[in-house]
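Before any comments, here is the structure.
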Amino acid sequence: MLARVCSAALHGIEAYPVEVEVNAGWGDTLIVIVGLPDAAVKESRDRVTTALANSGFKFPMGRTTINLAPADVKKEGPSFDLPIALGMLAACEQVETDQLDNFVIVGELALTGAVRPCKGVLPVAIRARADGKIGVLVPAENAAEAAVVSGLQVIPVQNLREAAGFLEGEIKIAPAKVDIAKIFDQLPDDELDFAEVKGQENVKRALEIAAAGGHNALLIGPPGTGKSMLAKRLPTILPPLTLDEALETTKIHSIVGLLAPGQALVTRRPFRAPHHTASDAGLLGGNINPTPGEISLAHNGVLFLDELPEFKRSVLETMRQPLEEGCVTISRAAGTMTFPSQLMLVAAMNPTPDGKIPGESRSSPREIQNYLGRISGPLLDRIDLHVEVPPVKFREIAGDRTGETSAQVRERVIAARRRQHDRFRHKPKITCNARMGTRELKQCCELDEATKELLKSAMADLNLSARAYDRILKVARTIADLAGSEKVLSDHISEAIQYRSLDRQLWV
């Protein structure tokens, strides 16, 4: 007898339908899996047969052929265990049901018959709704993740026996439901705060501008000045994720397996801080079958690169295109995949190899130049704000005075982002000032003659590139938004220029 079960597999951050066809025929007892299965899928044969026996079902006799269609796309992972098992039961007439066409089924099986969680359940649920399915059968630990997709019955199953009983109508399982509004209202217990950072008001101002416009920033200062401390608190002043952003971020974390058991959504902007020994594949994504790297895991959040010059130059250079395009495309023999990477890059570095300021460093001018030269000019041009982080004075460290809290700064950031949203409401791809193109710059950053002369002089004196010119305008537009100004004024341009002053003073 032939049975068909609907399942799904992942391609990039999206899911595509897979039909599990199971045919129980005559002949020697043998189970054959075809349809380009990888090693994990081939091993399903042993997991499924043992789970069937331990769940009280009869072992299928004769030749059982299992086809995973489409047959020309490689199938990966153990998520086909549950649909294969249910297909074998239906083909052997141990389960009689007409519900197999109505549900998409995924899940890994333990040898006991228990259903274990698997990766990528959220993209699978989204695909099931798009294909007009009634619902999905998923592991109980993944149910909350799938339940954020409205208009879909999410059936959590604990074991194979329970899944079979539900499909036959013998067991009633209430669909999983989540309150999305309640999820967004939950605050983490260990949230950091800007008020904990003593001094460094100029750096806080620069990070506020970066957060308000989605700009990249580079912090330069000796060790112990608070660069990492400030960067880790940047997410606390960013605007909250929208539902669409949360869903896209959750999809990425889901396919990598970073969601905690029972977690429905990623509701806080990601903060990723890879070590400087990270490889190209670790940062951008890759391997034989491409998976998201750190630059995609930081999508809609912050990617923090500490000790920037210590990263391999080849790794840093590969980031130029994703920073500019907001996505990273990886081509392999298995195919081409595109992962989103709209993020804020925040990097930190010492001014000299030994960490001291240039006047106190024991490093020679050539050593300092070689150290700074590890960061190329084209990459530096893609960083909007270059911020000097000086040593904190003793009276600031020992004093009781605290700065503004993250909540206070975040209110101004949200107000500035709201102005940008209203400005670009007819252009959904532009989410903040940092994403403006040439046309938007001309429309939103008109300058009077005096301001144009100021910018012209700065371009000549600092020998800035055309890309740096655009960055200055974008940052100035954000400063104007924070000030509530409709026009970009000379004061805004002046402040934006000071964040490019390191361009040609340190790099050649």
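The values are calculated or read from the model by the stated rules, or taken from the named source; none is laboratory data. All figures in this text were calculated on a predicted structure; none of them were measured in a lab. Cβ: placed from backbone, ideal geometry, glycine included. Neighbour counts: every protein chain shown. The protein model used for the area step is the full one, side chains on, heavy atoms only, and it has no ligands, DNA or RNA in it. Shrake-Rupley method; radii C 1.70, N 1.55, O 1.52, S 1.80 Å.
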Starting from segment 43-65, take each residue that is free of Cβ contacts under 8 Å to residues at least 60 places away in the same chain and list its partners that are open to solvent by 90 Å² or more (accessible area, probe 1.4 Å) and β-branched (V, I, T), counting only C-beta distances under 7 angstrom and pairs at least six apart or across chains. N54/T112
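For segment 197-227: of the residues being surrounded by fewer than 17 Cβ atoms within 10 Å (Cβ to Cβ) and touching a residue at least 40 places away in the same chain (Cβ under 8 Å), which is nearest to R401 (Cα to Cα)?
The selected residue is E201.
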Can you give me the ranges of the helices (runs of 4 or more DSSP H) entirely in segment 77-173 with at least 1 residues that are of a type in the set (V, I, T) and in contact with a strand residue (DSSP E or B) (Cβ under 9 Å, 6 or more places away or on another chain)? 81-91, 121-130
When you check A181 against the structure, is it part of a helix (DSSP H, G or I), open to solvent by less than 40 Å² (accessible area, probe 1.4 Å), farther than 28 Å from G87 by Cβ and at pLDDT below 95, yes or no? no
Inspect all residues belonging to segment 258-268 and state whether any of them is open to solvent by less than 40 Å² (accessible area, probe 1.4 Å) and of a type in the set (K, R). no
Residue that is farthest from T50 (Cα to Cα), among those in segment 108-153 that are β-branched (V, I, T) and in contact (Cβ under 8 Å) with a residue 60 or more places away in the chain: V148
The lone condition R374 fails out of (1) over 26 Å from V488 (Cα atoms); (2) modelled with pLDDT under 90; (3) open to solvent by less than 40 Å² (accessible area, probe 1.4 Å) is (3)
Restricting to segment 318-354, count the residues that are small (G, A, S) and in a loop (DSSP other than H, G, I, E, B). 4
Which condition number in (1) open to solvent by 10 Å² or more (accessible area, probe 1.4 Å); (2) out of contact with any helix residue (DSSP H, G or I) (no Cβ under 6 Å at 6 or more places or on another chain) is the one that G87 fails? (1)
Provide a single number: the residues in segment 449-483 that are buried (at least 20 other Cβ atoms within 10 Å of the Cβ) and among the charged types (D, E, K, R). 4
One residue from S296, S314 being modelled with pLDDT of 85 or more, in contact with a Phe, Trp or Tyr (Cβ under 6 Å, 6 or more places away or on another chain) and of a type in the set (G, A, S): S296
Of E495, E446, E486, the only residue that is open to solvent by 20 Å² or more (accessible area, probe 1.4 Å), farther than 30 Å from Q369 by Cβ and at pLDDT 90 or above is E486
Here, helices (runs of 4 or more DSSP H) confined to segment 400-508 with at least 1 residues that are among the basic types (K, R) and over 23 Å from E208 (Cα atoms) are 438-444, 449-462, 503-506
Filtered residues of segment 195-251 (kept if farther than 25 Å from P378 by Cα, hydroxyl-bearing (S, T, Y) and assigned to a helix (DSSP H, G or I)): T236, T249, T250
Taking only segment 1-38 into account, find how many residues are outside any strand (DSSP E or B), surrounded by fewer than 20 Cβ atoms within 10 Å (Cβ to Cβ) and within 28 Å of the chain's Cα centre (by Cα). 1
Just to be sure I understand the filter: pairs with C-beta atoms under 9 Å, separated by 6 or more residues or on different chains, first member in segment 441-456 and more than 15 Å from S494 (Cα to Cα), second member at pLDDT below 90. Which pairs pass? L441/D470
For V346, only one of the following conditions fails: (1) on the phi > 0 side of the Ramachandran plot; (2) surrounded by 14 or more Cβ atoms within 10 Å (Cβ to Cβ). What is its number? (1)
Would you confirm whether any residue within segment 355-375 is touching a residue at least 24 places away in the same chain (Cβ under 8 Å), within 22 Å of A212 (Cβ to Cβ) and assigned to a helix (DSSP H, G or I)? no
Could you please let me know if G282 is of a type in the set (G, A, S), more than 15 Å from the chain's Cα centre (by Cα), open to solvent by 10 Å² or more (accessible area, probe 1.4 Å) and more than 16 Å from L385 (Cβ to Cβ)? no
When L305 is evaluated against the numbered criteria (1) under 27 Å from N142 (Cβ atoms); (2) open to solvent by less than 20 Å² (accessible area, probe 1.4 Å); (3) of a type in the set (A, V, I, L, M), which criterion, by number, is the only one it fails? (1)
Taking segment 41-76 and keeping residues aliphatic (A, V, I, L, M) and either part of a loop (DSSP other than H, G, I, E, B) or closer than 12 Å to A9 by Cβ (or both) leaves V41, M61, L68, A69, A71, V73
Residues in segment 296-323 that are of a type in the set (S, T, Y) and more than 18 Å from the chain's Cα centre (by Cα) total 1
